[in-house]
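Down below is the structure, laid out as structure tokens.
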Amino acid sequence: MIEGDRITRLEKAFGPLFGADNPMGQHGLLAADARGEVLAEAERVLDEFGFNAEFVPAELDGRLTRLDELGRVLRPVFRRDASLGFGYGLSCFFAAVPVWAGGDGGQRALAARLLLEGRRIAVVRHEVAHGNAFVREEFAAEPKAGGFVLNGTKSVIANARTAGGLVVFARTGGEVAGRAHSVLLLDREALPEAAVEYLGRHGTTGMRSVEFGGIRVTDCPVPGSALVGGLGEGYELSLRSSLVIRGLIPSIVLAGGDTALRTVARFATRRRADGRSSLDVQHVKDVLTGAFLDLLVSDCLSLVATRALHLMPKQMSAYAATAAYLAPKLVAEAMEEMSAVLGEETFAEDGAYAMFRKQLRDLPVTSLGHAGSAGRQVSILPQLPFFARHAWFADPEAPPELFRLEGDLPPLSLADAALLGDGDPLAATLVACTDQLENGGLLSDAGPDGPALRFLARAFTIELDDLRKAFTRIALDDRKAMVSPHAFGQADRYTLVLAAAACLGVWREQRDGEDDFLADPSWVTAALYRLGRRLGLPLPDRPSGTEQRVLAEVLARLHGRRSLDLYGSALA
């Protein structure tokens, strides 16, 4: 059972985001952001909470047992300040995942000790302009007797100045493709002081309070015990780590989107002197409804991606990449629509609605992480010809536990995730739900939304069949076809089909739950309609009554101070 009390305790410790008298409210956070500093009071809250323990596996005396729970714990922090969440802890988790996945007992103990002592671990990966091109990595570790000699420079590293540990992706030689780089875990206190030079802070437009800085390492001796995994396993460790990290991306972007939507809803519901409000305009209603639906879709993807690591580690690769690819796109486009509602307040750096601008500025940094959207598509594409031939319309559907907000999960094993999936049970869930809707198995609970929901589910299933035909025509080893613009476009369509499947699966599992809104088919019908419009699918009449019920939930959560995600958690 998820430890909701711990999440509630963190939320209450921060206090109300829009509370005028709260020193950790929006005014304090915005003032610190303008100074390029993290709010000291907020850092103290995380210190007292022991926030870094969330990123340490339980067998190493931390609290990390479930990835879906970690995503939820991040939300109270990222709803307030992405700089705080990323700089204090999440960047350390990004650095530590290769150690959790591939390190030996001593290395895991070192990383755990650093984090549990409240210190930071920084990842030295690559130059920003190079993306994930390891062949252009600027760090090199030359093997020497008993270890390595490390040299290199990187200008943008989170917590470069203060980190007690460094996880370095370095070239170690070798001619075999994908085997030229290795991972080193360094205890900074054990390095010769003269060998590591801090190059100063690097300013950023988003997450302005995170200390991104540079380091130069010159002729630094490194013991052989620092090698994480085997020599030349850096690329594989990076890919395996990304499977874990990607599942968390939707949680941090939808947390920022939650605050953005809450800010715009407060603006839209304020009464002017004539008694009217922006909410009297249909377009404004549509924007608020659409943004909320995008957050729910993103959370369905988050749920599937994080729980799949426990339940289906051999099939979760495409789901993690889809979640990390699609959720930032949905939230970014929703925020663009919301900016039109705010008008000139979109550009406010202070005042009642200035949190929107901060979230808008931080979103590109929080969503990119160490790999952009194209990299996530690239990791999906090679799997689709195989799925088309062997999985779609043939696989059994995903287990029901994949779609449940609560409930026990198998133990977390970060080393079990497969880089390429051997099946696609989430797509099978779409087919199963479509069949159940058409056979009347779910329609008794769907009420007046039943016909529209049945129509939409069938449209997405037809789209999956079209994708099956398209990717069956591509040979499994046809690399040229797999990097064509057409293939990328088809991969984009596939992610939207998976999003629809995730939503249907979540709704089906919540029909008998305690949350009346999630049990209602209104939200899933409206969500599929919005996704179908993105795909250009044939659509039924616009479900206006359904969307009205969704908008009513937005306003109820705004006034009832509950989060705008699947959980509807109480806010401070």
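The values are calculated or read from the model by the stated rules, or taken from the named source; none is laboratory data. Not measured: the values here are computed from a predicted model. Virtual Cβ from ideal backbone geometry, glycine too; neighbours counted across all protein chains shown. Calculation scope for accessible area: heavy atoms of the full protein, side chains included, ligands and nucleic acids excluded. Shrake-Rupley method; radii C 1.70, N 1.55, O 1.52, S 1.80 Å.
Structural remarks
- Cα-based shape type of segment 163-307, given that a ≥ b ≥ c are square roots of the gyration tensor eigenvalues and the cut on a/c is 1.5: prolate
- Prolate/oblate/rounded label for segment 18-146 (Cα gyration tensor, a/c 1.5): oblate
- Relative contact order (percent, whole number), the chain, Cα cutoff 8 Å, 6+ residue spacing: 14 percent
- Based on Cα contacts under 8 Å between residues 6+ apart, segment 367-507 shows a relative contact order of 38 percent.
- Mean residue ellipticity (222 nm) of the chain, computed from DSSP H runs ≥ 4 via -39,500 (n - 2.57), nearest 500: -16500 deg cm²/dmol
- Surface analysis of the chain yields an accessible area of 37 Å² per residue, using protein heavy atoms and a 1.4 Å probe.
- Within the shell of other residues whose beta carbon sits under 12 angstrom from the beta carbon of V222, the net charge comes to -1, with Lys and Arg scored +1 and Asp and Glu -1.
- Shape call, segment 392-526: gyration tensor on alpha carbons, a/c limit 1.5: oblate
- Ranked by the mean number of other Cβ atoms within 10 Å per residue, highest first, peptides 182-194, 207-219, 238-250 order as 238-250, 207-219, 182-194.
- Taking 31 Å as the limit for the C-alpha separation, the pairs K12/K314; K12/K154; K12/K358; K144/K480; K285/K329 exceed it in the case of K12/K314; K12/K154; K144/K480.
- For segment 309-317, 3J(HN,Hα) per residue [Karplus equation, 6.51 cos²θ - 1.76 cosθ + 1.60, θ = phi - 60°, Hz, x = Gly/Pro]: 4, 7, 8, 9, x, 7, 10, 8, 4
- Rounded to the nearest 20, the size of the Cβ-charge dipole of the chain about its Cα centre is 900 debye, with Lys and Arg at +1 and Asp and Glu at -1.
- Fraction of beta bridges assigned by DSSP in the chain that are antiparallel (%, nearest 5): 85 percent
- Burial order of peptide ranges 155-165, 480-490 (average beta-carbon count within 10 Å, highest first): 155-165, 480-490
- Stretching D104 away from E193 to a fully extended chain increases their span by 29.4 nm, per 0.36 nm per residue minus the current alpha-carbon distance.
- Among S209, L166, V196 the positive-end extreme of the charge dipole of segment 155-219 (Cβ point charges): S209
- Matching label, Cα extents along the principal axes in Å computed from the structure shown, candidates (i) 70, 56, 50; (ii) 81, 59, 48; (iii) 73, 61, 41: (iii)
- A Förster radius of 25 Å, combined with the Cβ-Cβ distance separating R266 from R6, puts the computed FRET efficiency at roughly 0.35.
- Scanning residues 5 or more positions from E233 or on other chains, those with amide H under 5 Å from its amide H are V183, with H placed 1.01 Å from N in the peptide plane.
- Alpha carbon centroid spacing (whole Å) that separates segment 34-55 from segment 143-177: 28 Å
- The distance between label points at D466 and A415 comes to 4.5 nm (points 7 Å beyond Cα on the Cα→Cβ vector).
- Reducing segment 373-412 and segment 483-561 to their Cα centroids gives an inter-centroid distance of 19 Å.
- Each of the peptides 257-267, 31-41, 497-507 was scored by the mean count of other Cβ atoms within 10 Å over its residues; in descending order, highest first, they stand as 497-507, 257-267, 31-41.
- Estimated vicinal HN-Hα couplings, Hz - segment 545-554 in sequence order (Karplus 6.51, -1.76, 1.60; Gly, Pro = x): x, 4, 5, 5, 5, 5, 4, 4, 5, 4
- Seen from P192, the other residues with C-beta closer than 15 Å to its C-beta sum to a net charge of -2, counting Lys and Arg as +1 and Asp and Glu as -1.
- For the chain, the share of accessible area belonging to carbon and sulfur comes to 52 percent (1.4 Å probe, ligands and nucleic acids excluded).
- The 3J(HN,Hα) values that the Karplus relation (6.51, -1.76, 1.60; θ = phi - 60°) gives for segment 40-53 are, in residue order, 4, 4, 5, 5, 5, 4, 5, 4, 5, 6, x, 4, 5, 5 Hz. Gly and Pro appear as x.
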